[in-house]
1. Of the residues 129, 161, which is loosely packed, with under 14 Cβ neighbours inside 10 Å, over 18 Å from residue 182 (Cα atoms) and in contact with a helix residue (DSSP H, G or I) (Cβ under 9 Å, 6 or more places away or on another chain)?
2. Going by the structure shown, is residue 196 in a helix (DSSP H, G or I), modelled with pLDDT under 95, farther than 29 Å from residue 108 by Cα and over 24 Å from the mean Cα position of the chain (by Cα)?
3. Every residue in region 91-122 that is touching a residue at least 40 places away in the same chain (Cβ under 8 Å), part of a loop (DSSP other than H, G, I, E, B) and surrounded by fewer than 17 Cβ atoms within 10 Å (Cβ to Cβ), please.
4. Name, by its number, the condition in (1) farther than 25 Å from residue 56 by Cβ; (2) within 25 Å of the chain's Cα centre (by Cα); (3) touching a residue at least 24 places away in the same chain (Cβ under 8 Å) that does not hold for residue 173.
5. Do you know which residues across region 70-90 are part of a loop (DSSP other than H, G, I, E, B), farther than 17 Å from residue 176 by Cα and touching a residue at least 24 places away in the same chain (Cβ under 8 Å)?
6. Quick one: how many residues across region 27-58 are at pLDDT below 95, assigned to a loop (DSSP other than H, G, I, E, B) and in contact with a strand residue (DSSP E or B) (Cβ under 9 Å, 6 or more places away or on another chain)?
7. Which pairs do you get when a residue that is touching a residue at least 40 places away in the same chain (Cβ under 8 Å), found in region 147-167, comes within reach of a residue that is in a strand (DSSP E or B) and crowded, with 16+ Cβ neighbours inside 10 Å, reach meaning Cβ atoms under 6 angstrom, with the pair 6+ apart or on two chains?
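The values are calculated or read from the model by the stated rules, or taken from the named source; none is laboratory data. Small disclaimer: the values here were computed from a predicted structure and weren't measured. Cβ: placed from backbone, ideal geometry, glycine included. Neighbour counts: every protein chain shown.
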């Protein structure tokens with residue numbers, strides 16, 4: 001009886017060892033010399049959320065996600081000022097001017113994952129973080145007046161060749177400041193308009209009660 005029990009225990013132990021041995025290297029965490037896992041929460045997040053976004057081209061019927069105005073395509077003159085971004089849902093959003101890109105985030109509270117603007121010379125898409133902005137007296141869809149370049153050299157060349165347009169190299173912080181001022185002004189105008197409409201409705205209600 002003891003021999004049978006010992007045989008059964010030995011068989012069960014052998015099966016458990018075999019199951020553990022089937023665990024692949026991919027399933028096992030990488031350990032450091034102290035026996036701790038080297039896979040951090042950050043690396044795990046990268047593996048789960050492996051976004052590989054690329055810019056797309058807008059269509060004729062696409063509208064600005066912020067101001068709802070027409071978005072210009074690459075072949076159109078104003079198309080060089082079009083911007084785009086990927087939202088948290090992986091959707092592509094288009095903007096007719098750089099200020100609208102910033103004010104969309106301001107109005108929604110959403111941080112866009114990746115954003116692009118067009119290079120003023122080549123019209124190729126460049127990430128906003130890599131772009132060099134230049135402020136000049138040039139016509140843009142929402143009259144912000146910013147052109148973007150892939151590097152300092154190209155930006156400085158444009159500024160030197162367009163002194164008559166008061167072209168000066170600037171920064172995204174400056175664009176954000178200007179767009180914020182315009183946003184606050186727009187919100188104030190909207191509040192004033194709503195206030196006037198409320199007063200008008202109250203007057204109408206008062207007149208109708210007499």
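1. On the way: 161 fails: in contact with a helix residue (DSSP H, G or I) (Cβ under 9 Å, 6 or more places away or on another chain).
Of 129, 161, the one residue that is loosely packed, with under 14 Cβ neighbours inside 10 Å, over 18 Å from residue 182 (Cα atoms) and in contact with a helix residue (DSSP H, G or I) (Cβ under 9 Å, 6 or more places away or on another chain) is 129.
2. So residue 196 fails the test.
3. Scanning region 91-122 gives a single hit, 113.
4. It is condition (3) that residue 173 fails.
5. Of the residues in region 70-90, the ones part of a loop (DSSP other than H, G, I, E, B) are 71-76, 82, 87-90.
From the residues that got through so far, the ones that are farther than 17 Å from residue 176 by Cα too are 71-76, 87-90.
Across region 70-90, the qualifying residues are 71, 72, 74, 87, 88, 90.
6. Counting residues in region 27-58 that are at pLDDT below 95, assigned to a loop (DSSP other than H, G, I, E, B) and in contact with a strand residue (DSSP E or B) (Cβ under 9 Å, 6 or more places away or on another chain) gives 6.
7. Once the first residue is touching a residue at least 40 places away in the same chain (Cβ under 8 Å) and sits in region 147-167, its partners that are in a strand (DSSP E or B) and crowded, with 16+ Cβ neighbours inside 10 Å give 147/134; 148/117; 148/133.
Quick grid of which residues meet (1) more than 24 Å from residue 106 (Cα to Cα); (2) part of a loop (DSSP other than H, G, I, E, B); (3) modelled with pLDDT of 95 or more:
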| site | (1), (2), (3) |
| --- | --- |
| 153 | yes, no, yes |
| 159 | yes, no, yes |
| 173 | no, no, yes |
| 180 | no, no, yes |
| 192 | no, no, no |
